[in-house]
1. Surrounded by 13 or more Cβ atoms within 10 Å (Cβ to Cβ), of a type in the set (A, V, I, L, M) and either in contact (Cβ under 8 Å) with a residue 24 or more places away in the chain or outside any helix (DSSP H, G or I) (or both) - does that describe any residue in the stretch 65-76?
2. Which condition number does GLN88 fail, the rest of (1) without any contact (Cβ under 8 Å) to a residue 40 or more places away in the chain; (2) under 21 Å from the mean Cα position of the chain (by Cα) being met?
3. Give all pairs with beta carbons closer than 8 Å in which a residue from the stretch 38-49 that is among the polar types (S, T, N, Q) meets a residue that is at pLDDT 95 or above; count only pairs at least 6 apart in sequence or on separate chains.
4. Criterion first (in a loop (DSSP other than H, G, I, E, B), in contact (Cβ under 8 Å) with a residue 40 or more places away in the chain and on the phi < 0 side of the Ramachandran plot) does ALA5 satisfy it?
5. Would you pick out the residues in the stretch 17-29 that are in contact with a helix residue (DSSP H, G or I) (Cβ under 7 Å, 6 or more places away or on another chain) and either over 16 Å from SER7 (Cβ atoms) or not in a helix (DSSP H, G or I) (or both)?
6. Restricting to the stretch 42-61, what's the tally of residues that are surrounded by fewer than 19 Cβ atoms within 10 Å (Cβ to Cβ) and part of a helix (DSSP H, G or I)?
7. From LEU32, LEU95, which residue is assigned to a loop (DSSP other than H, G, I, E, B), out of contact with any Phe, Trp or Tyr (no Cβ under 9 Å at 6 or more places or on another chain) and either loosely packed, with under 11 Cβ neighbours inside 10 Å or touching a residue at least 12 places away in the same chain (Cβ under 8 Å) (or both)?
8. Hey, can you tell me all the residues within the stretch 77-89 that are hydrophobic (A, V, I, L, M, F, W, C) and not in a helix (DSSP H, G or I)?
Amino acid sequence: INKYAFSGGQQTVEEHRAKGGNCDVDISFQFLRFFLDDDARLAEIREQYTRGEMLSGELKALAVAEVTVIVREMQERRKNVNDETVDQYSKVRPLAFKY
């Protein structure tokens, strides 16, 4: 995210502070849209970034923190998957349709 995520920020800090950033094209903000559960906090981040109060690096740091939580949760759940779990989910079973 820090190195490759496209930013909606300006070329310089001074320009960013004056003009603000564009959340609609900023990949870090898009990650937050999907992974941040707090809508009020997301709206606050959007306002701060759009007004130039928050820099791209700060926005990327927030995105990294949120994505890291999700990835760690997935890694922990994946540790619990074994052959029995795979068999349970992949076995053929009838589907109950009600007409």
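1. Yes: one or more hits.
2. (2)
3. GLN48/MET54
4. yes
5. GLY20, GLY21, CYS23, ASP26
6. Residues in the stretch 42-61 being surrounded by fewer than 19 Cβ atoms within 10 Å (Cβ to Cβ) and part of a helix (DSSP H, G or I): 10 in total.
7. Exactly one residue qualifies, and that residue is LEU95.
8. Within the stretch 77-89, just VAL81 meets the criteria.
The values are calculated or read from the model by the stated rules, or taken from the named source; none is laboratory data. What you see is a predicted model; the values in this text were computed from it and never measured. So basically every Cβ, Gly included, is an ideal-geometry build from the backbone, and we count neighbours across all protein chains shown.
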